[in-house]
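K.L.:
Below: one structure in C-alpha cells.
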Amino acid sequence: MRVLVVEDDKRVATFIQKGLEQDGLAVDVLNDGDDAGAQAHVVEYDCVVLDLMLPGRSGFQVLRDIRSQKAELPVLILSAQASPEDRVVGLNGGADDYMGKPFILAELTARIRALLRRGKPRETKLRVADLEVDTVRRRVTRGGQSIDLKPKEYALLEFLMHNCDRPVTRNHIIEHVWDIHFDSISNVVDVHINSLRNKIDRGAARALIHTVRGVGYMLADTPP
C-alpha cells in the first residue's frame with residue numbers, strides 16, 4: 001500500500017516516513033502544497049497524510065484539489081491546528097480523519113490502517129493453499145509454521161496475496177510496494193522475490209510464487 005505524506009517540517013516528514021515504512025507501507029513525501037493535489041491525482045495512492053500549514057498551496061486547498069479528482073481517496077489531516085473548531089472545519093472540509101500535533105506514531109499508523117480498511121475493504125485473513133496471512137496481526141504461516149518476514153518482504157507478500165492467480169508486472173509491484181524514489185532499473189524486486197521464495201517455498205511440497213515469463217510474477221496454487 002502506498003501513502004503520500006505532505007508535511008513541510010522535514011524532520012517530522014522523515015520520522016513519519018520511516019515509521020510507516022517499518023510498518024510495511026510505501027511512502028512518498030512532499031514538503032509543500034504546490035504539487036500535492038496533482039501528484040495525488042496521477043499516482044495511485046491508498047491514503048494521504050496532510051499538514052495544513054504548508055508553503056505554497058495550503059492544506060485546505062490541497063484537500064479541495066484531491067476531493068475534486070479522487071473523492072474516495074482517504075485523507076488524514078495531521079496539524080498543530082487541533083482545536084475542536086479546527087477539527088470540525090477539517091472534517092467538514094472533506095478529511096476522513098484529523099490528528100493533532102504532537103502525535104504518537106503508533107496511533108497515526110493505526111489510524112492510517114483503519115482508513116485503508118475503510119477506504120478499500122479487504123479480507124483480514126488471506127489464504128492460498130496452506131499459506132496464510134493475518135493482515136491485522138501481520139502474521140504469516142505456511143503449513144501451520146510461522147514465517148518471519150522483514151517489513152518490505154511482508155508488504156510484497158500481502159500485495160501478491162491480494163492479487164493471487166493474477167500475473168503482476170515489476171512496475172505494478174514497484175508502484176504499490178516501493179516509493180516514488182525507487183530506481184526501477186535496479187533488481188531489488190527480483191531480490192525480494194527470491195528472498196520470499198526462500199522463506200515461503202523452500203522445503204514445501206510445491207512452490208506458490210511463480211515467474212511469468214515476459215510479464216512478472218504470480219502467487220498461485222498451481223503454475224501459470
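K.L.:
For the chain, taking Cα atoms only, what is the radius of gyration to one decimal and the Dmax to the nearest whole Å?
P.N.:
Rg then Dmax for the chain, in Å: 18.7, 60.
K.L.:
Okay, next question. Once you keep just the Cα pairs under 8 angstrom separated by 6 or more residues, what percentage relative contact order results for the chain? Intermediate results must be reported in sequence, preceding the final value.
P.N.:
Numbers: 359 pairs, mean separation 38.3, N = 224.
Dividing the mean separation by the residue count of the chain yields 17 percent.
K.L.:
Same structure again: What angle do you read, to the nearest 10 degrees and between 0 and 90, between the alpha-carbon axis of helix 188-200 and the longest principal axis of the chain?
P.N.:
Roughly 60 degrees, rounded to the nearest 10.
K.L.:
So what is the calculated 222 nm ellipticity per residue for the chain, using -39500 (n - 2.57) for each DSSP H run with n of 4 or more, over all residues, to the nearest 500 deg cm²/dmol? Write down the numbers at each step before the final one.
P.N.:
Details: 8 runs with 88 residues, N = 224.
Helix contribution divided over all residues of the chain: -12000 deg cm²/dmol.
K.L.:
Sticking with this structure for a sec: Let me have the relative contact order for region 125-219, percent, based on Cα pairs under 8 Å that are six or more residues apart. List each step's numbers first, then the result.
P.N.:
Numbers: 103 pairs, mean separation 25.4, N = 95.
Once divided by the residue count of region 125-219, the mean separation gives 27 percent.
K.L.:
Can you tell me the dipole magnitude for region 2-119 around its Cα centre, using point charges on the Cβ only (Lys, Arg +1; Asp, Glu -1), in Debye to the nearest 20?
P.N.:
Numbers: 14 positive and 19 negative charges, 53 e Å.
Computed about the Cα centre, the dipole is about 260 debye.
K.L.:
What fraction of the DSSP beta bridges in the chain is antiparallel, stated in percent and rounded to the nearest 5?
P.N.:
Values: 17 of 33 bridges.
Looking only at bridges with both residues in the chain, the antiparallel portion is about 50 percent.
K.L.:
Given charges of +1 on the Cβ of Lys and Arg and -1 on the Cβ of Asp and Glu, with all other atoms neutral, how large is the dipole of region 125-219 about its Cα centre, in debye to the nearest 20? Show your work: numbers first, answer last.
P.N.:
On the way: 15 positive and 12 negative charges, 61 e Å.
It works out to roughly 300 debye.
K.L.:
Report D for region 2-119 in µm² per second (integer): Stokes-Einstein, Kirkwood Rh on Cα pairs, 20 °C, 1.002 mPa s.
P.N.:
Once the numbers are plugged in, D ends up at 155 µm²/s.
K.L.:
Towards the positive end of the charge dipole of the chain, with charges on Cβ (+1 Lys, Arg; -1 Asp, Glu), say which of GLY216, LEU30, GLY56 has the farthest Cα.
P.N.:
GLY216
K.L.:
State the dimensionless ratio Rg/Rh of region 125-219 (Rg: radius of gyration of Cα atoms; Rh: Kirkwood radius).
P.N.:
Numbers: Rg = 12.8 Å, Rh = 13.6 Å.
Dividing the radius of gyration by the Kirkwood radius yields 0.94.
K.L.:
Can you order the peptides 204-216, 188-200 by their average number of other Cβ atoms within 10 Å per residue, highest first?
P.N.:
On the way: 204-216: 14.0, 188-200: 16.5.
Highest-to-lowest ranking by the protection proxy: 188-200, 204-216.
K.L.:
Counting Lys and Arg as +1 and Asp and Glu as -1, each charge on the Cβ, what is the dipole of the chain about the Cα centre in debye, to the nearest 20? It would help to have the intermediate numbers written out before the result.
P.N.:
Values: 31 positive and 33 negative charges, 166 e Å.
Around 800 debye, computed over the chain.
K.L.:
Output the 0 to 90 degree angle, nearest 10, between the alpha-carbon long axis of helix 10-22 and the longest principal axis computed from the alpha carbons of the chain.
P.N.:
30 degrees
K.L.:
Show me 165-172, 49-56 ranked by packing, highest mean number of other Cβ atoms within 10 Å first.
P.N.:
Working: 165-172: 14.9, 49-56: 20.2.
Order by mean packing, descending: 49-56, 165-172.
K.L.:
Now, a different point. Compute the helix-to-body angle for 105-119: its Cα long axis versus the longest principal axis of the chain, expressed 0 to 90° and rounded to tens.
P.N.:
80 degrees
K.L.:
Could you tell me which of VAL88, LEU160, THR141 has its Cα farthest along the dipole of region 78-224 towards the positive end, charges placed at Cβ (Lys, Arg +1; Asp, Glu -1), taken about the Cα centre?
P.N.:
THR141
K.L.:
Taking only the C-alpha atoms, wrap a convex hull around region 59-143 and report its volume per residue in Å³ as a whole number. Show your work: numbers first, answer last.
P.N.:
Numbers: hull volume 8.4 nm³, N = 85.
Dividing the Cα hull volume of region 59-143 by its residue count gives 99 Å³.
We did not get these values from a lab; they are worked out from the coordinates using the rules stated. Note that the structure is a prediction, hence the values are computed from the model and not measured. Note that each Cβ is placed from the backbone with ideal geometry, even for glycine, and that neighbours are counted across all protein chains shown.
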